[in-house]
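Down below is the structure, laid out as structure tokens.
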Amino acid sequence: MRVIGVMSGTSHDAIDAVGADIHLRDSTIHVEVVGQLSRTYPDRLRAELIAALPPGTVDMATVCRLDTAIGQEFAAAADAAVREFFGGTADLVASHGQTVYHWVADGKAYGTLQLGQPSWIAELTGLPVVSDFRSRDIAAGGQGAPLVALFDVLWLAGRPGRSAALNIGGIANATVTGASPVAFDTGPGNALIDAAVELATGGTEHFDRDGVRAARGTVDEQLLKALLADSYYRAAPPKTTGKELFNRAYVERVLPDYPLTADDIVATMTALTAHTIADAVAPYEPDEVIVSGGGTRNPTLMGMLGARLGTATLCTSDELGLPSAAKEAAAFAVLGFLTMHGLPGSHAACTGATRATVLGSITPGAGRLTLPETPSAAPRQLRLVSHVRG
């Protein structure tokens with residue numbers, strides 16, 4: 001099955017699309033990542049999207065406009081991927097959409113909202129679309145995140161020792177393998193670093209390119225200690241968080257008490273990300289930490305993280321044949337494949353759900369919707385072949 005996986009993460013900067021040729025043989029999912037592309041949001045749409053995120057307030061007219069505009073952008077990205085990677089003919093689009101709110105209170109997830117109306121994707125590409133992946137896991141008592149946990153557990157099955165798959169987007173999440181795998185959001189990934197850069201530059205810069213500002217700055221240990229006192233870090237997994245908590249207003253609240261230079265603030269927020277990730281995975285004593293996501297492009301962050309991981313080996317998913325920029329879109333392509341085959345796409349122990357569930361909703365394409373036969377057993381491992389273009 002030729003699947004396009006499409007998503008935009010909590011950095012809200014671009015839409016990533018992956019083309020994957022996926023087959024299930026015996027108990028193994030075979031995934032060939034054919035290509036990957038990324039399309040930045042138009043500046044006006046990105047600005048309107050960011051303004052709508054917490055702590056901002058919006059009316060329903062804005063929600064409707066965003067759902068349409070994001071859906072159209074996702075449709076264009078999916079259509080481009082179909083044409084570029086599969087010569088204009090594919091079988092399925094798996095669209096995560098754009099998360100705008102994840103409703104968590106007192107450690108329990110009650111709801112989630114991803115915008116990007118899938119009908120626009122189905123209409124432009126003519127393909128069926130699987131979307132709204134997270135809601136079913138929440139309805140089953142789970143956190144709705146990190147949904148990449150099942151992909152990680154299958155992908156890393158059979159590796160020696162204990163592995164931790166780490167994705168550093170706006171929020172960082174980790175999956176630790178073993179006899180009893182665990183997955184959770186560790187806290188901010190790039191979210192507070194990006195917010196600090198935007199505050200320092202009046203919005204002319206959106207991220208710390210190549211970690212230059214953090215490298216120039218000095219970590220303020222008092223501010224870092226205050227930030228580490230947030231109760232989220234002490235909560236036990238499974239747990240999830242988002243920009244509902246770790247956002248620009250979060251940075252603005254703490255800065256008045258710490259008159260620091262812009263680079264010192266960025267350095268301290270970078271250290272916070274490294275500390276909280278390392279502290280979160282330390283109890284599980286992983287032998288290796290495999291990193292993907294935008295954080296891999298920040299050498300200062302990666303250096304800080306490596307220094308705090310002790311004896312664990314730090315590497316990127318690229319070194320295992322999966323480009324870090326393609327990892328999450330590829331994971332949702334697999335989840336869409338599982339949905340179409342009637343197979344669960346969640347790992348209940350990792351999300352805290354009462355049971356593993358078939359995820360998402362299906363929007364039919366231009367042709368007759370015919371679902372494949374459901375296999376007799378769920379897959380036990382995933383084998384990856386990467387021939388990524390783009």
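The values are calculated or read from the model by the stated rules, or taken from the named source; none is laboratory data. Please read these numbers as outputs of a predicted model, since none were measured by experiment. When we count neighbours, we look across all protein chains shown, and the Cβ atoms used for this are built from the backbone with ideal geometry, even at glycine. Calculation scope for accessible area: heavy atoms of the full protein, side chains included, ligands and nucleic acids excluded. Shrake-Rupley method; radii C 1.70, N 1.55, O 1.52, S 1.80 Å.
Quick rundown of the values:
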item	result
Test for L224: is it closer than 18 Å to D279 by Cβ and touching a Leu at 6+ places or on another chain (Cβ under 7 Å)	yes
Neighbours by Cβ (under 6 Å, 6+ apart or cross-chain): first from the stretch 71-96, in contact (Cβ under 8 Å) with a residue 40 or more places away in the chain; second among the polar types (S, T, N, Q) and part of a strand (DSSP E or B)	F74/S95; S95/S131
Selection status of H12, in contact with a Lys or Arg (Cβ under 7 Å, 6 or more places away or on another chain) and part of a loop (DSSP other than H, G, I, E, B)	yes
Selected residue (only one of V104, V153 is open to solvent by 10 Å² or more (accessible area, probe 1.4 Å), within 19 Å of the chain's Cα centre (by Cα) and either at pLDDT below 95 or on the phi > 0 side of the Ramachandran plot (or both))	V104
Of all residues making up the stretch 10-39, the number that are touching a residue at least 60 places away in the same chain (Cβ under 8 Å) and open to solvent by 30 Å² or more (accessible area, probe 1.4 Å)	7
Matching residues in the stretch 112-145 - criterion: being surrounded by fewer than 23 Cβ atoms within 10 Å (Cβ to Cβ) and at positive phi	G126, D132, G141
Residue match in the stretch 64-74 (condition: touching a Ser or Thr at 6+ places or on another chain (Cβ under 7 Å) and part of a strand (DSSP E or B))	no
Filter result for the condition that a residue is open to solvent by 50 Å² or more (accessible area, probe 1.4 Å), of a type outside the set (S, T, N, Q) and outside any strand (DSSP E or B), over A81, A90, A61	A61
Lone qualifier among T268, T261 - being in contact with a Gly (Cβ under 9 Å, 6 or more places away or on another chain), buried (at least 20 other Cβ atoms within 10 Å of the Cβ) and either of a type in the set (S, T, N, Q) or closer than 23 Å to V18 by Cβ (or both)	T268
Cross-chain or 6+ apart pairs with Cβ under 6 Å, the stretch 227-254 first and surrounded by 22 or more Cβ atoms within 10 Å (Cβ to Cβ), then among the acidic types (D, E)	T240/D185; T241/D185
Selected residue (only one of L113, L37, L45 is modelled with pLDDT of 95 or more and under 19 Å from S135 (Cα atoms))	L113
Qualifying strands (runs of 3 or more DSSP E) (wholly inside the stretch 288-390; at least 2 residues being open to solvent by 30 Å² or more (accessible area, probe 1.4 Å))	313-316, 361-363, 381-386
Odd one out for S95 among (1) open to solvent by 40 Å² or more (accessible area, probe 1.4 Å); (2) among the hydroxyl-bearing types (S, T, Y); (3) assigned to a strand (DSSP E or B)	(1)
T175 vs. criteria under 21 Å from A333 (Cα atoms), open to solvent by 20 Å² or more (accessible area, probe 1.4 Å) and among the β-branched types (V, I, T)	no
Number of positions in the stretch 15-58 that are under 19 Å from T112 (Cβ atoms) and assigned to a loop (DSSP other than H, G, I, E, B)	6
Close pairs (9 angstrom Cβ cut-off, 6 or more residues apart or separate chains): over 15 Å from A94 (Cβ atoms) in the stretch 354-370, open to solvent by 90 Å² or more (accessible area, probe 1.4 Å) anywhere	T357/R136; A366/E123
Filter pass, T276 being in a helix (DSSP H, G or I), among the hydroxyl-bearing types (S, T, Y) and touching a Lys or Arg at 6+ places or on another chain (Cβ under 9 Å)	no
G169 vs. criteria surrounded by 17 or more Cβ atoms within 10 Å (Cβ to Cβ), within 26 Å of R297 (Cβ to Cβ) and among the small types (G, A, S)	yes
Pairs, first touching a residue at least 40 places away in the same chain (Cβ under 8 Å) in the stretch 102-124, second open to solvent by less than 30 Å² (accessible area, probe 1.4 Å) and among the charged types (D, E, K, R), C-beta under 7 Å, six or more apart	G107/K239
